[in-house]
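Following this message is one structure expressed as structure tokens.
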Amino acid sequence: MKTRARNFRRTSQAQDFWPSFTDIMSTVAMILFFLMLLSYIQNVITGNRLEFSLSQLHEADLELDNTREQLERTRAEIDEAQKNLELFRGEIELRRAEVEKCRMELSLSEAELELSRTELALSQNELVLSEGELAQKQRIIDETNIELGNLRVKLEEIAVLRLTTLNKVKASIEATIGTHSAAGEELVTIGDNANIIINETLVFDYGSAEIKEDATPLLDQFAVAFEELLDDAETRDYIDMITIEGHTDSRGSAGYNRSLSSERAVSVVNYMMESNPTLEDKYARYFGVTGFSKFRPIAFGEDEDAMQLNRRIEISVIVKDSNISRVIDEYLSEVAE
């Protein structure tokens with residue numbers, strides 16, 4: 001009876017132990033489950049936060065890149081500003097130097113102005129003292145102007161003598177044979193250079209140095225008029241030379257035209273001397289010839305009218321230089337007296 005009771009106790013105790021272990025294991029399992037659940041939830045939350053952080057980090061990188069670019073631009077602007085600042089500083093230094101120079105020049109100008117004032121005061125004193133001398137010099141100037149006016153009149157008379165002489169020749173010819181040819185051309189004109197001009201067509205055929213028969217009355221009268229002119233001793237005393245000049249147009253070579261113009265001038269002189277042998281006997285020494293070829297035109301252009309005007313014979317009266325010198329010497333002698 002005692003043995004059975006002992007076994008019963010042991011079986012009852014074993015049955016009490018196993019439910020307690022199961023509860024413990026369940027509790028542990030529950031705890032582990034909750035721990036795993038918490039870990040999962042934490043991982044989910046941590047993953048979301050990580051993704052959010054990565055997105056923020058990417059945005060931060062972009063902002064950083066933008067900031068760097070802006071920083072580079074700012075640095076470039078700062079460098080440019082520094083360069084401009086250096087240039088501005090250089091200009092400021094230059095302006096300072098110019099201002100300093102102006103100040104020095106101003107100081108110098110003030111000194112010069114003061115000196116000029118002193119000189120002006122001295123000059124005013126001298127001016128007061130020299131008024132009498134000035135009046136005297138003015139009288140001398142007035143007298144000199146009168147004398148120079150007289151000299152100018154005498155020299156003008158010599159200059160006009162050429163024109164007067166040639167006008168006499170022209171008047172003599174026109175009084176004898178008229179003013180125009182049968183073709184209506186003016187026989188003799190006075191040029192701007194105060195020379196007698198004879199149209200080439202009145203005397204020569206084109207390209208020829210042989211005097212035309214129709215021109216002989218004109219040249220005969222020239223020979224007579226020049227003899228009458230030179231018979232006047234007072235007029236002859238002023239004349240150094242009577243030059244017969246030949247001129248051509250621009251057609252042809254210079255050498256050909258030089259020969260042609262010279263030959264025509266020689267033909268005119270020779271005819272006058274043959275027409276009036278007395279002229280050659282008495283006054284041949286006054287006559288000379290020259291050929292100017294095409295190099296002294298009086299009309300410019302290539303038309304036939306200009307060409308015809310340039311083909312001409314000119315007669316020039318050259319006044320003696322000694323007459324001009326004599327007038328000046330007389331003036332100087334009067335001044336010395």
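Where does the charge balance sit around LEU134 when Lys and Arg score +1, Asp and Glu -1, over other residues with C-beta under 14 Å from its C-beta?
On the way: positive: LYS137, ARG139; negative: GLU126, GLU131, GLU133, ASP142.
With Lys, Arg at +1 and Asp, Glu at -1, the net is -2.
Return the loop-located chymotrypsin sites (Phe, Trp or Tyr not before Pro) in the range 156-245 (DSSP other than H, G, I, E, B) with at most 11 other Cβ atoms within 10 Å of their own Cβ; answer none if there are none.
TYR206
Next up: Kindly identify the range 32-80 as rounded, prolate or oblate by the Cα gyration tensor criterion: order the square roots of the eigenvalues as a ≥ b ≥ c, call it rounded if a/c is under 1.5, otherwise compare a/b with b/c, prolate if a/b is larger, else oblate. List each step's numbers first, then the result.
On the way: a/c = 12.28, a/b = 7.63, b/c = 1.61.
Here the range 32-80 falls in the prolate category.
Tell me which GluC sites (Glu not before Pro) from the range 238-319 have a DSSP coil assignment and no more than 15 other beta carbons within 10 Å of their own. Mind dumping the intermediate values first?
Numbers: sites: GLU245, GLU263, GLU274, GLU280, GLU302, GLU304, GLU314; in loops: GLU302.
Counting only loop positions with at most 15 other Cβ atoms within 10 Å, the GluC sites (Glu not before Pro) in the range 238-319 are GLU302.
Report the normalised scattering of the range 162-330 as log10 I(q)/I(0) at q = 0.08, 0.10, 0.11 Å⁻¹, calculated by the Debye formula with identical scatterers on the alpha carbons.
-0.24, -0.37, -0.45
What is the sum of charges, Lys and Arg at +1 and Asp and Glu at -1, for the other residues whose Cβ falls under 14 Å from the Cβ of GLU77? Walk me through the numbers before you get to the answer.
Values: positive: ARG73, ARG75, LYS83; negative: GLU69, GLU72, ASP79, GLU80.
For residues surrounding GLU77, the net value is -1.
Output the peptides 21-32, 170-181 sorted from most to least packed, where packing is the average of other Cβ atoms within 10 Å over each peptide's residues. Display every interim value, and only then the final one.
Values: 21-32: 9.8, 170-181: 14.9.
Going by the mean number of other Cβ atoms within 10 Å, highest first, we get 170-181, 21-32.
Let me ask something else. Sort the following peptides by mean Cβ neighbour count (other Cβ atoms within 10 Å, averaged over residues), highest first: 253-260, 60-67. Walk me through the intermediate numbers first.
On the way: 253-260: 15.4, 60-67: 10.8.
So the order, starting with the most tightly packed, is 253-260, 60-67.
What is the sum of charges, Lys and Arg at +1 and Asp and Glu at -1, for the other residues whose Cβ falls under 9 Å from the Cβ of ILE198? Don't jump to the answer; show the numbers that get you there.
Details: positive: ARG312; negative: GLU200, GLU314.
Here the count lands on -1.
Based on DSSP, what percent of beta bridges with both residues in the range 162-330 are antiparallel, to the nearest 5? It would help to have the intermediate numbers written out before the result.
Values: 16 of 21 bridges.
Rounded to the nearest five, the antiparallel share is 75 percent.
Computed from the coordinates by the stated procedures, all read-outs in this text should not be read as laboratory data. Given the structure is predicted, the values throughout are model-derived calculations rather than measurements. Cβ coordinates were reconstructed from backbone atoms using ideal geometry, including for glycine residues, and neighbour counts include every protein chain displayed.
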